[in-house]
Amino acid sequence: MIVAIDGPAGSGKSTVARLLAERLQIRYLDTGAMYRAIALAVVQSSFDENDVDAVTGIAQSVRIEFRKDDIYLNGTNVTNEIRSANVTAVASVVAANPYVRTRLVELQQQIATLGDLVTEGRDQGTVVFPQADHKFFVTASLLTRARRRHQEMVAGGSTLPLQTVKSQLRQRDHRDENREYAPMKPASDAQVIDTSDMSIGEVVNTLTQRIRPES
Ligand code: DC
């Protein structure tokens, strides 16, 4: 069984996907972490993220693996490093590179051959797993998503104002929605869940109900 969950940043989809996978007792795949790992490799190189050939070369040569809940880039655990603000911004630029996408889509499909999966990203229901058993597009208003992200950042010691977080999210949404290859959008057969007025627990319950109505 493949459960594909797509949606914008701050929609709660990562937390929901992780908890849903636990509840269903199947594996969880964070595809955003894979784009972030390539972004980190670009940041660590001397190349600009807009240099398509250089980014393609980097994407061709890196090794990305998951070990338990951690992601490794060329054998190094980069789980925390890929969450920095800089890597976050570069990730949405490298995610527009068609070679990067082709390479990661192959890797994601390969991971899915190992068994049931809850997979989360921007193109899981549209491009990577068009045959997924269940497709959800989890979203929320821009302000709600900005508030959630801002709260997380404040808890982590950030002093960035809410307005800045909101405009960064808007920029990222714009890049993800308007790129030529695999833009973020709900699959035509996806169930759209607006989480603006829902708790994480309510969202997980809703998804579980839709997947296993008998439970
Ligand atoms: O979900 P996230 O914030 O960790 O994703 C990081 C970036 O990668 C984001 O800008 C969108 C992009 N991404 C993508 O294009 N396709 C995916 N399947 C997952 C993430």
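The values are calculated or read from the model by the stated rules, or taken from the named source; none is laboratory data. Just so you know, these numbers come straight off a predicted model, no measurement behind them. Cβ coordinates were reconstructed from backbone atoms using ideal geometry, including for glycine residues, and neighbour counts include every protein chain displayed. Surface areas here come from the heavy atoms of the whole protein model, side chains and all, with no ligands, DNA or RNA. Shrake-Rupley method; radii C 1.70, N 1.55, O 1.52, S 1.80 Å.
Within the chain, what whole-number % of the accessible surface is contributed by carbon and sulfur, with the 1.4 Å probe and all protein chains included in the calculation? Let's see the in-between values first.
Details: 5170 of 10660 Å².
That fraction is 49 percent.
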What does DSSP give for the chain in terms of the percent of beta bridges that are antiparallel, rounded to the nearest 5?
25 percent
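For the range 54-118, what percent of Cα pairs sit more than 14 Å apart? All intermediate terms of the calculation are to be shown ahead of the outcome.
Values: 1389 of 2080 pairs.
In whole percent, the long-distance tail amounts to 67.
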Evaluated over the range 1-46, the Cα radius of gyration and Dmax, each in Å
13.3, 43
Cβ-based charge dipole, the chain, positive-most Cα from 150, 207, 47
150
Explain nothing, just the number: dipole magnitude of the range 1-152 about its Cα centre with +1 on each Lys and Arg Cβ and -1 on each Asp and Glu Cβ, in debye rounded to the nearest 20.
480 debye
Inverse mean reciprocal Cα-Cα distance (Kirkwood Rh) of the range 13-84, Å:
13.3 Å
Using only the Cα atoms of the range 127-215, what semi-axes does the equivalent ellipsoid have when each is the square root of 5 times a gyration tensor eigenvalue? Give whole Å, largest first.
27, 20, 9
What is the distance in Å between the Cα centres of the range 57-130 and the range 169-191?
17 Å
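Any idea what the relative contact order of the range 59-141 is, in percent, if you count C-alpha pairs under 8 Å spaced at least 6 apart?
Working: 40 pairs, mean separation 12.8, N = 83.
It rounds to 15 percent for the range 59-141.
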Using the scaling law 2.2 N^0.38 Å as the reference, what is the normalised Cα Rg of the range 10-165?
1.06
Kirkwood Rh over alpha-carbon pairs of the range 116-164, then Stokes-Einstein at 37 °C and 0.692 mPa s: what D in µm² s⁻¹, rounded to an integer?
248 µm²/s
Spatially proximal lysines relative to residue 185 (Cα-Cα < 21 Å; intrachain offsets below 8 disregarded):
13, 135, 166
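From Cα pairs below 8 angstrom and at least 6 apart in sequence, can you work out the relative contact order of the chain, rounded to a whole percent?
On the way: 334 pairs, mean separation 71.5, N = 215.
It comes to 33 percent, rounded to a whole number.
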Which residue fluctuates most in the GNM of the chain (Cα springs below 10 Å): 119, 164, 31?
164
Out of 156, 32, 125, any idea which swings most in a Gaussian network model of the chain, alpha carbons joined below 10 Å?
156
Please report the relative contact order for the range 93-215, taking Cα pairs under 8 Å with a sequence separation of at least 6, and give it as a percent rounded to a whole number.
33 percent
If you roll a 1.4 Å probe over the heavy atoms of the protein chains, what accessible area per residue do you get for the chain, in Å²?
50 Å²
Order the peptides 10-17, 54-61 from the highest to the lowest mean number of other Cβ atoms within 10 Å of their residues.
10-17, 54-61
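Is it possible to state the helix-based mean residue ellipticity at 222 nm for the chain, with each DSSP H run of 4+ residues giving -39500 (n - 2.57), the sum divided by total residues, to the nearest 500 deg cm²/dmol? What is it? Can you show the working numbers first?
Values: 8 runs with 104 residues, N = 215.
Helices in the chain give a 222 nm mean residue ellipticity of -15500 deg cm²/dmol.
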